There are 2 protein chains.
Amino acid sequence: MTSEQVEPGRVERKRGRRIQEILRTAAELFGERGYDGANLEDVAQRLDVTKGSLYYYFASKDELVTAAIETLGKEWTERLERLSEARDGSPADRLRALIREHVDIAVREYPGVLRLYLVPRNWPEPQRQRIEALRREHNALFRRVVEEGVASGDFTVASVETTLRCMHAAMSQAPLWCSHKKGAALERALDELADALMMLVGVWPESGEPGAGAVRAPRPSRS
Amino acid sequence: MTSEQVEPGRVERKRGRRIQEILRTAAELFGERGYDGANLEDVAQRLDVTKGSLYYYFASKDELVTAAIETLGKEWTERLERLSEARDGSPADRLRALIREHVDIAVREYPGVLRLYLVPRNWPEPQRQRIEALRREHNALFRRVVEEGVASGDFTVASVETTLRCMHAAMSQAPLWCSHKKGAALERALDELADALMMLVGVWPESGEPGAGAVRAPRPSRS
DNA sequence: ACAAACTTTGACTCCTCGGTCAAGACCGCG
DNA sequence: CGCGGTCTTGACCGAGGAGTCAAAGTTTGT
């Protein structure tokens, strides 16, 4: 009786945490193996429970995966938004920071999850749409900075949209080629990636200061 | 008796053509849906036969898909190689031509097939390896031109490898964002993509001549 | 301690899909 | 025509995975 209308409530909170746990694990696995490749049995196993238990919280595989995309996507977007609200610094610095944050999240924190972005093929239509929407949200944050840079003359691009797409494509693939690196090597790889991507907007890495020990290709004088 | 040791032979040739047909269709479907997502029933249906018939030519799904990757990959590589043998023109022109050829093949001729490249996840190990090898072959062709350009001072890059990866990533995604376009719009999209990617090596589109009507973002004077 | 609510289990069903195969259709040739 | 080789069919099997559920286990409130 007493628990007819409690706010959060201990039980509710516990339930919420459990759901978060499940979502995280599920996102990880679905990111790694794709919609068809990942099965609930394995998700359950990673959580040390049985499949049936998942169905207590989610009505279907679809519902689970939808929720997973939603939750992680939101967190991701928030982090990017927080970063992109800081309006100090040159467009170049800000774009670079965004790029770094994006790949950092992808490569370090949610191994596999960014792959959600890749080829929405296979995903059932509603999920595909949601992933696409997420991509657009993130893209919008990048677009803002790029457009500012273009307007201020800091950046040069042939087409903003195309540039953004290339940037996004490269960032999406990054986890694939970085996942095995760590420590300083990882750091260097991510820096190189950022350097390369900045060139898409016409900003070359400062040839004067080789940065964090970045390995550079022979750079002939162009005077 | 008469057909104990004939060269090609009418029947043989017919068989060969059939196999090619199957491979092409299979590659298309596997490219679209991935290894798990595509089933043989559907491949068969696209060919207006039944599943059992495929097993007359191939022992298993794996064998089919392996052969498909092999065949298409070979054709693809050959086309790129042919193009990259032409040694006339500036590195910029040659790189641009390579990029165009690569995305042309991807977007126009094998809709979906380039996606083989994307996230080798899900593919059984042997296939994954083969796809990776293919990627490396293609990459080598691009690397040659990029390195030449760097050596001659036409290009500037922070890291050749990273630049190549970004280029490849963008080209791989291209079919996803271009597949619905056609005619002049497609042409423009591909040109823009090439423009954008050339910036990765420090070559900006000539602002003087807007090329094939490319839509350009505001391009402030930079002195 | 007891009951009620909440959570987990594991066995079960159903269905899809890779793979098999005997039977027959088709095709070219004497 | 009819014979031999080539190809296709459709019914079938078995594995694996989504989804169900009654029963048992755990937690919470009184």
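Worth pointing out:
- So A:A106, is it within 14 Å of chain B (Cβ to nearest Cβ), crowded, with 19+ Cβ neighbours inside 10 Å and within 16 Å of DNA strand D (Cβ to nearest atom): no
- Test: residue in segment A:200-208 that is at pLDDT 85 or above, under 18 Å from the mean Cα position of the chain (by Cα) and more than 7 Å from chain B (Cβ to nearest Cβ): no
- Counting the residues of segment B:40-67 that are near DNA strand C (Cβ under 8 Å from one of its atoms) and in contact (Cβ under 8 Å) with a residue 60 or more places away in the chain gives 1.
- Selection from segment A:23-45 of residues that are farther than 22 Å from A:R130 by Cβ, out of contact with any Leu (no Cβ under 7 Å at 6 or more places or on another chain) and either more than 8 Å from DNA strand D (Cβ to nearest atom) or modelled with pLDDT under 95 (or both): A:Q45
- Reported count of residues in segment A:49-70, each being assigned to a helix (DSSP H, G or I) and open to solvent by 40 Å² or more (accessible area, probe 1.4 Å), is 11.
- Test: A:A184 is among the hydrophobic types (A, V, I, L, M, F, W, C) and open to solvent by less than 20 Å² (accessible area, probe 1.4 Å): no
- Screening B:A92 against (1) more than 14 Å from chain A (Cβ to nearest Cβ); (2) more than 16 Å from DNA strand C (Cβ to nearest atom) leaves a single unmet condition, (1).
Per-residue answers, yes or no, for (1) within 14 Å of chain B (Cβ to nearest Cβ); (2) modelled with pLDDT under 90:
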position	(1), (2)
A:T50	no, no
A:E70	no, yes
A:D88	no, yes
A:I99	yes, no
A:R115	yes, yes
A:Q129	no, yes
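- Set A:A169, A:A185, A:A174, A:A151: member being in contact (Cβ under 8 Å) with a residue 60 or more places away in the chain and assigned to a helix (DSSP H, G or I): A:A174
- Tally, over segment A:148-173, of residues that are touching a Pro at 6+ places or on another chain (Cβ under 9 Å) and either more than 7 Å from chain B (Cβ to nearest Cβ) or under 17 Å from A:L193 (Cβ atoms) (or both): 5
- Boolean, B:E70 is away from DNA strand C (no atom under 16 Å from the Cβ), closer than 19 Å to B:D191 by Cβ and of a type in the set (D, E): no
- The residues of segment B:188-206 that are out of contact with any Cys (no Cβ under 7 Å at 6 or more places or on another chain), open to solvent by less than 30 Å² (accessible area, probe 1.4 Å) and outside any helix (DSSP H, G or I), listed by number, are B:V201, B:G202, B:P205.
- Condition check for A:F142: aromatic (F, W, Y), under 15 Å from the mean Cα position of the chain (by Cα) and at pLDDT 95 or above: yes
- Filtered by the rule that a residue be under 15 Å from the mean Cα position of the chain (by Cα) and surrounded by fewer than 17 Cβ atoms within 10 Å (Cβ to Cβ), segment B:72-96 gives B:K74, B:E75, B:T77, B:E78, B:R79, B:E81, B:R82, B:L83.
- Scan of segment B:13-39 for residues that are outside any loop (DSSP other than H, G, I, E, B), within 10 Å of DNA strand C (Cβ to nearest atom) and more than 19 Å from the chain's Cα centre (by Cα), ordered by number: B:K14, B:D36, B:G37
The values are calculated or read from the model by the stated rules, or taken from the named source; none is laboratory data. Note that the structure is a prediction, hence the values are computed from the model and not measured. Cβ sites come from the backbone with ideal geometry, for glycine too, and all protein chains shown count toward neighbours. Just so you know, the surface numbers come from the protein's heavy atoms only, side chains and all, with ligands and any DNA or RNA stripped out. Shrake-Rupley method; radii C 1.70, N 1.55, O 1.52, S 1.80 Å.
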